[in-house]
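Below you will find the structure I want to go over with you.
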Amino acid sequence: MKRISGLIVCALLMISPVRAQENVTTNTKTAGETNNRDFHSTILLNGSSYDFIFNWKKKPAESHWKGLGFAFSNLENVQGADLNPNRSYSVLLNLTDCTVPLSYHFLFVTGLGFDWSRYHFTGNTGLRYADGIAGFFKDTEREYKSSKLLVYYATIPFLLEYQTKIGNGHYFFLSGGVEGLVKCYSKSQLDIRLPQGGIEKIHYRNPNIPPLNARMVLRTGFEHFSFFGYYQLFSMFDKGKGPDVRAFGIGLMLH
């Protein structure tokens with residue numbers, strides 16, 4: 001009986017290390033599998049191919065609307081006057097913006113800016129206002145020193161902007177849409193030389209330019225520099241009260 005009990009004890013002592021070894025092996029495999037799963041999860045979360053290719057960590061938050069710009073301005077379908085393109089220009093100051101990120105590359109942009117436009121005319125031609133009608137006329141009796149039309153707007157953009165990184169971390173962007181124009185000031189000014197010497201200044205305030213207008217805008221560039229162009233959607237003057245002309249231009253802007 002004692003021999004049988006001794007044999008049972010010996011058998012149990014031999015089986016225990018084997019089971020312990022199996023547990024160690026099983027635990028080692030489980031730990032290895034867990035480490036492998038953790039490793040692959042880290043790659044998927046922080047190093048996916050999408051993030052690597054486009055290098056986007058988050059959606060774009062800043063637009064390329066704010067800035068100071070200069071444009072060479074022109075008028076389409078001007079009859080009765082010759083525009084001087086070398087002296088016709090617009091100065092743009094975009095003060096603030098409000099952006100709504102739409103995706104990893106697109107955002108919606110609105111804001112507030114200002115546009116100061118000056119149109120100069122050559123010869124004895126200019127914009128005059130008579131009997132409630134504004135129009136361009138040529139003066140055959142007097143000599144003009146200068147003739148210009150001033151139009152100042154507040155601008156409210158409604159733009160869609162695309163951004164991406166190219167090269168060594170430089171941003172390329174393209175934006176387009178519509179800018180609302182709210183007239184702040186308008187005037188036609190004629191400086192006429194007098195026969196006896198001196199200058200006679202004639203001003204026509206608010207020469208039938210409507211309070212609201214709009215223009216299409218396209219802008220593209222890199223980092224803090226862009227080229228842009230615009231085209232006015234509606235006539236600069238009230239229908240039936242002035243010539244059917246539309247402003248357009250191209251320019252540069254620093255953001």
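Since every read-out is calculated from the coordinates, none of them should be taken as a lab result. Quick caveat, the model's predicted, so the values are computed rather than measured. Neighbour counts run over all protein chains shown; Cβ positions are idealised from the backbone, glycine included.
Net charge around ASN208, counting only other residues with Cβ within less than 10 Å of its Cβ (Lys, Arg = +1; Asp, Glu = -1)? Kindly include the intermediate steps, with their values, before the conclusion.
Details: positive: LYS239, LYS241; negative: ASP238.
Charge balance in the 10 Å sphere: +1.
Do any GluC sites (Glu not before Pro) in the stretch 100-178 lie in a DSSP loop with no more than 10 other beta carbon atoms within 10 Å, and if so, which?
GLU141
Could you tally the net charge around HIS64, taking each other residue with its Cβ under 11 Å from the Cβ of HIS64, Lys/Arg +1 and Asp/Glu -1? Don't skip to the end; give the middle numbers.
Numbers: positive: LYS66, ARG219; negative: GLU62, ASP97, GLU161, GLU223.
Computed value for this residue: -2.
Taking 22 Å as the cut-off for C-alpha to C-alpha distance, list the pairs among LYS66/LYS187; LYS66/LYS148; LYS187/LYS241; LYS148/LYS201 that go past it.
Over 22 Å Cα-Cα: LYS66/LYS187; LYS66/LYS148.
Place a point 7 Å from the Cα of TYR231 along the Cα-to-Cβ direction; which residues of the stretch 63-89 have their backbone N under 15 Å from it?
Those under the cut-off are 74-77.
A further question on this structure: Label-point separation (nm) for LEU160 and PHE108, each offset 7 Å from Cα along Cα-to-Cβ?
Each label point lies 7 Å from its Cα, and together they span 1.1 nm.
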